[in-house]
Amino acid sequence: MEKNDQNQHTGKTQVITLGAGCFWCTEAVFDRVRGVVDVQSGYANGHLDHPRYEDICSGQTGHAEVVQVRFDPDQIPLRELLTVFFGTHDPTTLNRQGNDIGTQYRSGIYTMDPQQAQVAHAVIAELQQAGAYDAPIVTEVLPLTSYWPAEDYHQDYFLNHPNQGYCAYVVGPKVQHLRSAFARWLKE
C-alpha cells in the first residue's frame, strides 16, 4: 500500500475509500459534498504495485477504480457520507455501472478500521431492510489493503473537462442528481 498521509485518520478528519464505478463520476460527486476536505481518484485492493490506467482497464489487476475521500466527521458523519454514496450509484449491479463493465467498476467500501466497516454494514442492512432497491446490494465492504493514486490527468477530471462527451452525458447527470437529492449536504 502506498504510504501517504491520505491513508491515515488525522486530527478531525477521516479517510474512506469508495468505489462506485468510474472514478470521474464519484470524484465529481464527493467534491461537492459539505465536510469533504479532499477527494483523490485512484486504484484500490489489487495485486499490482504502481498500476497504470491501462493496467486497470485490462480487468486483470484486481483493482477497483475508487476515490479516497478525506472528510470532517463533525460536518458530515460517515453514515451520511455513505448515504450519499449509495444514493449516487447503483449498488445492485455486480462489476458494472451503466456502460462501464468490468471488475474495476465494482461497488465497494474500503475501510480504514473496524468502526468504518461496522457503519458500512449497518447502512447496507438498513437499506436492504427498507427495500430501498429492487435487487440485493452487492457492494463489497473490505479493509483497504492497497491504494495507488491515479495519474494526474484523472484528478479533477470533470472540473477540467466538463464538456467532454462522457462528462457531459454521464458525470453531469450524476452531479445534477446529487444537487436535487442531497441538497442539504452540498457545499455552499
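The values are calculated or read from the model by the stated rules, or taken from the named source; none is laboratory data. Note that the coordinates shown come from a computational prediction; the quantities given were computed from them, not determined experimentally. All Cβ positions, even for glycine, are placed from backbone atoms using ideal geometry, and neighbour counts span all protein chains on display.
In table form, for the structure just shown:
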| item | result |
| --- | --- |
| Among (1) in contact with a Leu (Cβ under 8 Å, 6 or more places away or on another chain); (2) under 28 Å from Pro51 (Cα atoms); (3) in a helix (DSSP H, G or I) - the single one Val138 does not satisfy | (3) |
| Failed item in (1) in a strand (DSSP E or B); (2) surrounded by fewer than 23 Cβ atoms within 10 Å (Cβ to Cβ), with Leu18 passing the rest | (2) |
| Set Gly46, Gly11: member being small (Gly, Ala, Ser), at pLDDT 95 or above and either farther than 26 Å from Gln128 by Cβ or surrounded by fewer than 17 Cβ atoms within 10 Å (Cβ to Cβ) (or both) | Gly46 |
| Meets criteria (in contact with a helix residue (DSSP H, G or I) (Cβ under 7 Å, 6 or more places away or on another chain), within 21 Å of Ala132 (Cα to Cα), buried (at least 23 other Cβ atoms within 10 Å of the Cβ) and among the aliphatic types (A, V, I, L, M)) for Val29 | yes |
| Some residue of the stretch 83-104 being in contact with a Ser or Thr (Cβ under 6 Å, 6 or more places away or on another chain) and of a type in the set (Gly, Ala, Ser) | no |
| Residue in the stretch 103-110 that is of a type in the set (Gly, Ala, Ser) and surrounded by fewer than 17 Cβ atoms within 10 Å (Cβ to Cβ) present | no |
| Selection count where residues are surrounded by fewer than 17 Cβ atoms within 10 Å (Cβ to Cβ) and of a type in the set (Asp, Glu), scope the stretch 70-89 | 2 |
